[in-house]
1. Kindly check whether there is at least one residue in the stretch B:8-15 that is at pLDDT 95 or above and within 14 Å of another protein chain (Cβ to nearest Cβ).
2. Filter the helices (runs of 4 or more DSSP H) completely within the stretch A:298-408 down to those with at least 3 residues that are more than 30 Å from A:P182 (Cβ to Cβ) and among the small types (G, A, S).
3. Would you mind stating whether A:L679 is in a loop (DSSP other than H, G, I, E, B) and modelled with pLDDT under 65?
4. Taking the criterion of being surrounded by fewer than 22 Cβ atoms within 10 Å (Cβ to Cβ), aromatic (F, W, Y) and touching a residue at least 40 places away in the same chain (Cβ under 8 Å), would at least one residue in the stretch A:251-258 satisfy it?
5. Output the number of residues of the stretch A:468-487 satisfying the condition of being at the interface with chain B (Cβ under 10 Å from one of its Cβ atoms) and either assigned to a helix (DSSP H, G or I) or of a type in the set (F, W, Y) (or both).
6. Just one of A:R103, A:R94 is touching a helix residue (DSSP H, G or I) at 6+ places or on another chain (Cβ under 6 Å) and modelled with pLDDT of 90 or more; which is it?
7. Evaluate the following for A:F269: is it modelled with pLDDT of 90 or more, under 25 Å from A:V209 (Cα atoms), touching a helix residue (DSSP H, G or I) at 6+ places or on another chain (Cβ under 8 Å) and not in a strand (DSSP E or B)?
8. Right, A:E527: surrounded by 19 or more Cβ atoms within 10 Å (Cβ to Cβ), under 24 Å from A:R501 (Cα atoms) and acidic (D, E) or not?
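The values are calculated or read from the model by the stated rules, or taken from the named source; none is laboratory data. Everything quoted here is computed from the prediction, not taken from an experiment. Here the Cβ positions follow ideal geometry from the backbone for every residue, glycine too, while neighbour counts run over all protein chains shown.
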Amino acid sequence: MAKDLAVAPVERVPPIRPDYLLVADSVPALIGVIAADGAVESCNRAVLEYFGATLEEIKGWTTSKLVHPDDIPAEIARQKHALETGERMLSEHRLRRADGVYRWFQIHGEPLRNSEGEIVQWYMLQTDIDDLKRAESQLAGEKRLLEMVALGRPLHEILDSLCAFVEQAAPECQCAVFLIDPAEQKFDKGFAPSLGDAYTGPLRGVPVVPGSAPCGAAAIHKTQVIAFDIESDPRWLGSPYQSHALAFGLRAVWSTPIVSRSGEVLGTFAVYQRHPGSPTQIQQDLIAQFTYIASIAIERAKSDNAIRRSEAFLAEAQRLSSTGSFYWRRTTDEIICSDETYRIFGIEPGTPVTVKLITSRIHPDDLQRFSARVEARRTDGSRAEAEYRLLLPDGSIKFVHLVSQTTATESGEMEYTGVIQDVTEARVAAETLGKLRSELAHVARVTTLGALTASIAHEVNQPLSGIVTNASTCLRMLAADPPNVEGARETARRTIRDGERASEVIARLRALFTKKTTASGSIDLNEATREVVALSMSELQSQRVALRLELANDLPPVIGDRVQLQQVILNLLLNASDAMSTVEDRPRELVIATTVEAADVHLSVRDTGIGFDAGDPDRLFDAFYTTKSSGMGIGLSVSRSIMERHGGRLLATPNRGPGATFSFSIPREAQDVLGAPGLTDRHQRIMVG
Amino acid sequence: MTAAALVSIVDDDESVRESLPDLLKEFGFAVQSFASAEEFLASGRMEETRCLVLDIAMPGMSGPDLQRELMRRNQPIPIVFITANEDSSECARVLLAGAVSCLIKPFSETALLRAITKAIQTG
């Protein structure tokens with residue numbers, strides 16, 4: 001076998017002994033021998049086979065194309081240097097294979113010296129490093145692209161570079177990357193630096209369907225689509241795409257879907273060739289690797305966009321809700337703030353924020369409380385909520401609500417994340433609302449007073465009349481002869497009694513109609529009801545309303561503002577009376593009842609009036625809704641808001657018969673187990689009764 | 001000496017029924033008080049009543065109701081209305097219906113005496 005291999009081309013190589021040659025021929029590496037002056041002397045069989053050339057042709061390498069023409073000058077210079085200095089040769093150049101393809105080789109030349117140390121020959125070993133070279137270059141390209149991704153370079157820059165790189169690695173090809181709009185299922189922007197916008201532009205907006213283009217088919221079927229020759233490929237014959245590609249001189253189109261990790265098709269990677277064909281294995285490897293890198297770049301760009309969008313959304317939400325966020329690592333004093341936090345504190349954006357800077361913005365009155373809290377926050381770690389006032393450099397005051405939460409980092413450090421909300425507007429609005437509400441309640445009371453004028457006059461005139469009559473009688477009895485002292489004394493007593501009665505009426509009026517701020521106390525709703533009834537009795541009488549009181553015995557007290565609750569009762573009572581003013585065919589009956597229902601005290605006012613449309617019990621409470629042409633709709637609305645502020649509810653229900661029932665529930669006074677005399681009394685009664 | 005003229009008082013307010021009779025007795029009238037119109041109608045003292053002092057607003061049958069009832073029964077007793085209500089339209093209505101006078105509480109003894117005297121003369 002070895003003898004068979006040792007064949008011809010070794011005509012004249014005296015220094016090499018045949019057994020060495022035998023060995024050299026059996027080695028798959030390329031081995032050559034050159035003389036001390038650089039002339040090729042011989043080579044092994046592998047060399048001849050690789051080049052597909054004769055030794056004579058090889059000897060003329062400096063003028064043939066066996067070595068890549070671009071590499072020849074450098075190679076000559078290197079050999080010259082080595083021959084002069086005797087230094088070992090080490091270089092890389094491209095050698096043309098028999099099929100015409102240049103491959104990279106590493107040349108390794110060792111000098112052979114005689115006993116005097118003179119160089120007599122050089123042994124040259126040529127190692128094929130083409131695959132290695134390509135892998136290196138591909139790796140460098142990938143590295144550069146991934147760096148761009150990592151640095152957050154714009155997507156168009158990355159994809160343009162990607163195409164350029166693939167085109168460099170596969171010089172006979174041109175490339176394009178097309179993005180897909182997932183919502184519209186249409187091709188979005190395309191990137192093809194060598195083909196230009198003129199090529200990608202018209203493809204934008206083309207639907208992602210198999211018939212539109214090879215890229216459409218690749219995206220839909222999620223698999224690579226090879227169009228060997230677009231000119232004759234039946235799948236796109238006569239399509240707008242076909243003529244578009246041909247107009248750019250493209251014949252072969254190889255489309256590969258770019259798929260995200262979750263399996264979504266993000267776009268396609270198209271490789272073109274100006275002559276028909278299929279991708280080689282090397283090209284396929286390139287396509288596979290760079291399609292993958294494109295997917296990383298596109299996914300990254302998408303998530304960057306999503307983050308940017310959500311950041312913008314968050315910033316907008318913070319601005320709209322006047323809520324800022326901040327982050328404080330306890331060991332340092334620096335606080336990281338959102339834009340809105342800067343705005344709330346009136347700090348120039350970008351300024352480093354420290355605890356000290358924040359402290360300088362706290363209102364002096366709140367400073368001590370704030371500082372104590374901050375110090376505590378350095379050591380304790382829980383959720384905290386507090387409200388502070390800020391005093392900004394421009395002199396304005398803000399109310400802020402602060403919530404913070406502690407978390408421990410992996411290294412065990414404490415971090416605070418918090419939000420701060422500017423509640424100034426809400427505070428001011430609440431105060432204004434409170435004032436308005438009290439004004440409105442007063443107006444409503446005065447309006448009610450107007451409606452009650454006649455009734456009140458009646459209530460006052462009645463005892464006044466008694467006083468005048470009794471005083472007249474008294475004078476007459478005293479003036480008689482003999483004076484009727486006993487009768488006079490009796491009439492004088494009645495005068496006093498009527499006077500007291502008048503002053504009681506005035507006192508009740510004053511209590512009910514004086515503008516007072518809210519005063520909470522314990523109230524007996526029965527008693528409050530009786531007082532209201534006493535004031536409106538004559539009004540009811542003149543309206544020929546028969547009133548019945550069904551007040552529960554032992555009604556537990558409620559907590560609230562006596563005047564306001566009486567105003568509600570009065571409102572309900574006058575409403576009921578008004579609702580019956582046109583009723584002629586049935587008795588005008590009014591029943592006021594109090595009951596206890598679980599934790600609530602309940603008061604209802606039932607009339608036999610015209611009632612209301614069952615469809616609009618809620619509208620009844622709208623400020624200006626009224627079923628009466630001359631009505632005071634505002635009364636019900638105010639009544640409802642009074643009840644709500646007492647933690648109660650105001651309800652309107654149509655009666656089964658004629659009329660309606662308006663009622664309210666209000667929580668009974670909290671029963672403090674310790675020292676609640678009412679409770680003990682009731683218990684005793686229950687036990688006795 | 002002729003018997004004192006009988007003045008009947010109808011008022012639901014107890015203090016009126018207490019005070020007014022004493023004053024009218026001082027004037028020399030005989031007085032009878034009733035708490036409601038119905039009570040007066042049932043008393044059988046309508047014939048001898050020379051003047052009726054009548055409250056306008058009362059539960060059940062009101063003063064004007066009684067005025068109409070007496071007309072219907074053809075018993076035109078002269079009526080002096082008294083009311084604690086300042087609504088003058090009510091007064092006008094009863095005067096148009098034939099009442100002698102309408103006094104608004106509180107009224108002076110002079111006004112009352114003048115009204116009752118006029119009523120008795122009318123009758």
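1. Restricting attention to the stretch B:8-15, the residues satisfying the condition of being at pLDDT 95 or above are B:8-10.
In the following step, the residues that additionally are within 14 Å of another protein chain (Cβ to nearest Cβ) were identified as B:9.
Yes, the conditions are met somewhere in the stretch B:8-15.
2. Ranges flagged: A:364-379.
3. Details: in a loop (DSSP other than H, G, I, E, B): no; modelled with pLDDT under 65: yes.
When the stated conditions are applied, A:L679 does not pass them.
4. Pass one, the stretch A:251-258, residues surrounded by fewer than 22 Cβ atoms within 10 Å (Cβ to Cβ): A:251.
From the residues that got through so far, the ones that are aromatic (F, W, Y) too are none.
Checked against the condition, which is being surrounded by fewer than 22 Cβ atoms within 10 Å (Cβ to Cβ), aromatic (F, W, Y) and touching a residue at least 40 places away in the same chain (Cβ under 8 Å), the stretch A:251-258 yields no hits at all.
5. We begin by selecting, within the stretch A:468-487, every residue at the interface with chain B (Cβ under 10 Å from one of its Cβ atoms); these are A:468-477, A:479-480, A:484, A:487.
Then keep just the ones that are either assigned to a helix (DSSP H, G or I) or of a type in the set (F, W, Y) (or both); that gives A:468-477, A:479, A:487.
Qualifying residue count for the region: 12.
6. Values: A:R94 fails: touching a helix residue (DSSP H, G or I) at 6+ places or on another chain (Cβ under 6 Å).
Sole residue among the options that is touching a helix residue (DSSP H, G or I) at 6+ places or on another chain (Cβ under 6 Å) and modelled with pLDDT of 90 or more: A:R103.
7. Numbers: modelled with pLDDT of 90 or more: yes; under 25 Å from A:V209 (Cα atoms): yes; touching a helix residue (DSSP H, G or I) at 6+ places or on another chain (Cβ under 8 Å): yes; not in a strand (DSSP E or B): no.
Considered against the rule, which asks whether it is modelled with pLDDT of 90 or more, under 25 Å from A:V209 (Cα atoms), touching a helix residue (DSSP H, G or I) at 6+ places or on another chain (Cβ under 8 Å) and not in a strand (DSSP E or B), A:F269 comes out as no.
8. Working: surrounded by 19 or more Cβ atoms within 10 Å (Cβ to Cβ): no; under 24 Å from A:R501 (Cα atoms): yes; acidic (D, E): yes.
No: the conditions fail for A:E527.
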